[in-house]
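J.: This is the structure, below, for whatever I ask next.
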Amino acid sequence: MIFVNFKTYEQGTGVAALELVRILEEIAHETQVKIIPVIQSGDVKEVIQISKLEIWVQHIDPYEFGAHTGAVLPEAVLEDGAIGTFLNHSEYKFKNFEDLRRANQRALEVGLKTLIFAGDLRELERVIELRPTYVSYEPPELVGSKTTSVSETKPEIIAKAVAKTREKELPLVVGAGIKSAKDVKKSLELGAVGVAVASDIVTAKDPRKEILDLVEGFK
């Protein structure tokens with residue numbers, strides 16, 4: 001599977017998000033590789049009207065209904081049509097582990113899938129204990145890298161991360177600098193179930209070409 005994080009890039013916002021989702025859906029249908037757009041919560045309602053893909057959001061907060069101005073409630077994104085949510089991405093880390101625990105619990109309680117990011121093996125061990133749907137190892141220093149990927153620079157860490165997640169029967173997703181079929185293939189060979197990408201697809205001059213290249217790594 002490939003998680004495509006639209007972040008708040010202009011190319012992944014509003015009308016542009018719809019166009020990118022259409023491209024991803026065409027490729028998913030042609031190749032039978034599962035592709036999951038991870039979009040801004042404000043775009044969910046519009047996106048689910050034009051796509052049958054599994055749509056995720058980039059974040060939810062650990063709150064229930066009440067006086068929480070600006071918070072993103074899991075109930076709200078679920079009602080709009082989202083299936084899952086990222087949590088603890090390096091660009092949107094929770095201030096403390098208790099908030100992360102509560103956010104994961106709240107999401108799972110309402111029926112959202114969760115993918116929690118960890119920046120190192122120590123954090124990964126704590127995240128595993130929360131029993132999310134997926135866990136992801138993503139070194140923050142490589143997020144958005146145009147020159148190297150985690151599969152190139154830290155394959156031994158990926159292998160260790162896979163071993164830790166398998167002990168708890170949790171699937172691992174690899175992120176940070178993933179940009180080629182070679183990166184995807186290496187991640188899968190090491191035991192990951194998929195990858196998380198962002199700028200390589202969303203800001204590409206030809207997103208179709210880039211996603212097709214990544215899909216080759218599943219062959």
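Taken together, the values in this text are just the output of simple stated rules run on the coordinates, not laboratory data. The shown structure was predicted, so the numbers you read here are calculated from the model rather than taken from an experiment. Cβ atoms come from the backbone with ideal geometry, glycine included; neighbour counts cover every protein chain shown.
J.: Under a point-charge model restricted to the Cβ atoms of Lys and Arg (+1) and Asp and Glu (-1), what is the dipole moment magnitude of the chain relative to its Cα centre, in debye to the nearest 20? If you can, show how the numbers build up before the last one.
T.: On the way: 28 positive and 34 negative charges, 104 e Å.
Dipole about the Cα centre, nearest 20: 500 debye.
J.: Could you pull out the pairs from Lys179/Lys205; Lys34/Lys113; Lys52/Lys209; Lys34/Lys93 whose alpha carbons sit more than 24 Å apart here?
T.: Working: Lys179/Lys205 14 Å; Lys34/Lys113 15 Å; Lys52/Lys209 21 Å; Lys34/Lys93 26 Å.
Correct reply: Lys34/Lys93.
J.: For labels at Glu79 and Thr203 in the simple 7 Å Cα→Cβ model, what's the distance in nm?
T.: According to this spin-label approximation, the distance is 3.5 nm.
J.: Mind checking which of Gln58, Val4, Ala176 is farthest towards the positive end of the chain's charge dipole, using Cβ charges of +1 (Lys, Arg) and -1 (Asp, Glu) about the Cα centre?
T.: Selected residue: Ala176.
J.: Using Cβ counts within 10 Å as a stand-in for footprinting exposure, how do Lys164, Lys93 rank, fewest first? Walk me through the numbers before you get to the answer.
T.: Details: Lys164 18, Lys93 15.
Ranked by crowding around the Cβ, least crowded first: Lys93, Lys164.
J.: While we're looking at this one, here's another question. Would you calculate a helix-derived [θ] at 222 nm for the chain, using -39,500 (n - 2.57) for each DSSP H run of n ≥ 4 and dividing by the full residue count, to the nearest 500?
T.: Numbers: 10 runs with 90 residues, N = 219.
Value at 222 nm, helices only, nearest 500: -11500 deg cm²/dmol.
J.: Starting from the coordinates of the alpha-carbon atoms of segment 2-218, obtain the Kirkwood hydrodynamic radius over all distinct pairs and give the value in Å to one decimal. Write down the numbers at each step before the final one.
T.: Values: mean 1/r = 0.0581 Å⁻¹.
When all Cα pairs of segment 2-218 are included, the Kirkwood radius is 17.2 Å.
J.: Starting at the first residue of segment 100-114, write each ³J(HN,Hα) from the Karplus equation 6.51 cos²θ - 1.76 cosθ + 1.60 with θ = phi - 60°, in whole Hz, x for Gly and Pro.
T.: Rounded to whole hertz, the list is 5, 4, 5, 5, 4, 4, 4, 4, 5, 4, 8, x, 8, 6, 9.
J.: What longest range of the chain stays clear of loop-exposed chymotrypsin sites (Phe, Trp or Tyr not before Pro) (DSSP non-H/G/I/E/B, at most 13 other C-beta within 10 angstrom)?
T.: Working: sites that count: Phe65, Tyr92.
It works out to 93-219.
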